Amino acid sequence: MIRVVLPGHLRTLAHVAGEVELDVQGRATQRSLLDALEARYPMLRGTLRDHVTGKRRPFVRFFACEQDLSQELPDAPLPEAVATGAEPFLVVGAIAGG
Amino acid sequence: MSGVRVLVGTHKGAFVLEADGNRKRWKVSGPHFAGWEIYHIKGSPADPNRLYASQCSGWFGQLIQRSNDGGKTWEPVGNQFAYDGVPGTHQWYDGTPHPWEFKRVWHLEPSLTDPDTVYAGVEDAALFRSTDGGRTWRELAGLRGHGSGSRWQPGAGGMGLHTIILDPSDPGRIYVAISAAGAFRSDDAGQTWRAINRGLKSQYIPNPDAEVGHCVHRMAMHPSRPGVLFMQKHWDVMRSDDAGDSWHEVSGNLPTDFGFPIDVHAHQPDTIYVVPIKSDSEHYPPQGKLRVYRSRTGGNEWEALTKGLPQRHCYVNVLRDAMAVDSLDSCGVYFGTTGGQVYVSADAGDSWSPMVRHLPAVLSVEVQTLP
């Protein structure tokens, strides 16, 4: 079980409060985590990754275990503490005013 | 008594305002989609309870929301806007080639007859259509493939397709306008297009009367006279009497012919409205006086409408999609400002009053006349 913390706007969109808990099949990576997240909450498709290219949107960042994982490759394994649910995977909107 | 529902898109959410036919007491709901940019909301002419909204954010991209109950509840529908084929390039601000990239939906235009069919004008400029209530979108690629696409360039606000006009007398005829490419017409329901910019003159492009490159800000049409079009261009207010084949200037005695919105009275096809703005670099009313100008002669002769509008220290703008008219017997005219006010006139512009004063910057205003 992987814990995901979404930013407020996306919690509202997905109608969730607090953390999201996901069962990810196979190896826990950004791609498998986001695939599972979008399968559970289809309204999030396109909000984190571009529909066409599959790339992370420029103003979306991924943090976990006090590290910035935004630039990690999509198929790189997530930290063990995230994969086991000990630590949450944080989806964060970049600080960009507005 | 019949009533009206006003759909307001703002920089930080959507608001729905309702009133009876007197248009004096307004029930306000919102913000819907708080914190998101709502470029446009519009109801289906075929089913007034069916609304579509364009919701976007610099962080999380584009969403399309749909309501089946007049804006009480909403559901996200499809948000995949994929250009057909390899999109190629358009011109960047400095004239260099720049790849086509989807950014947002500027304008939603529901079909006149089918609540599940809706058109979307997007940035970078293209026209999409959904025939399943917004679940899936397909580009009408003949527009972008018109042949001039590589010469289109963005206006200051981006390269958006912001105007979509469906001809009620001819299901095959569609008009669109793009900043800064110009106006285009299809006579075969969007499959093929031709530029309709003859007569436009724009000093900010190398050839002032080029086929494309004109920064059209808005077009309007009266449904009873679909061959007559009115246009607010970057500078100049224009008119066409031949479905866009040619244009002539009708700026007449306006204090400035720069502006964004233009609209037509619901019952008088030659009565039109604009909001003059000082200039392209000073986007506020001349002399700090917020004045709507009305022509009852289809242009050239304009009168200032000021009653109820601020006549000192007013430095707001009125954006291109932020003016609308209702179709009650005494035509109502509405507009919203970047200062967050939405004004209504229940007497065709003679007098105005604010419906709300302190919304976020208003991006769009639409009105539905309810039975």
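Quick note: the coordinates plus some simple rules give every number you see, no bench work behind them. Since this is a predicted model, take the numbers as computed values, not measurements. FYI the Cβ positions are ideal-geometry reconstructions off the backbone, even for glycines, and counts take in every protein chain you see.
Listed values, structure above:
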quantity: Euclidean distance of C-alpha centroids, segment B:78-141 and segment A:1-17, integer Å; calculated: 29
quantity: Which listed pairs, of B:LYS42/B:LYS72; B:LYS12/B:LYS103; B:LYS27/B:LYS233; B:LYS201/B:LYS307, have C-alpha distances above 23 Å, in listed order; calculated: B:LYS27/B:LYS233; B:LYS201/B:LYS307
quantity: Most mobile listed residue (B:ALA324, B:ALA19, B:ALA126) in chain B, GNM with C-alpha springs under 10 Å; calculated: B:ALA19
quantity: Average beta carbon contacts from partner chains per residue of A:44-52, 10 Å cutoff; calculated: 5
quantity: Within chain B, longest stretch clear of exposed trypsin sites (Lys or Arg not before Pro) (DSSP loop, no more than 10 other Cβ within 10 Å); calculated: B:26-311
quantity: Percent of Cα-Cα distances greater than 17 Å, calculated over chain A; calculated: 47
quantity: GNM result for chain A, Cα springs below 10 Å: residue of A:ALA17, A:ALA81, A:ALA64 fluctuating most strongly; calculated: A:ALA17
quantity: At 0.692 mPa s and 37 °C, Stokes D of segment B:277-339 from Kirkwood alpha-carbon radius, µm² per second; calculated: 254
quantity: Relative intensity, log₁₀ I(q)/I(0), of segment B:72-127 from a Debye sum that treats every alpha carbon as a point, q = 0.20 Å⁻¹; calculated: -0.86
quantity: Against the rule of thumb 2.2 N^0.38 Å, how large the Cα Rg of segment B:299-371 comes out; calculated: 1.10
quantity: P(r), alpha carbons of chain B - 20 Å bins starting at zero, rounded %; calculated: 32, 62, 6
quantity: Pairs of alpha carbons in the protein assembly as shown whose separation is greater than 34 Å (percent); calculated: 35
quantity: Convex hull volume per residue in cubic angstrom - Cα atoms of segment B:1-53; calculated: 75
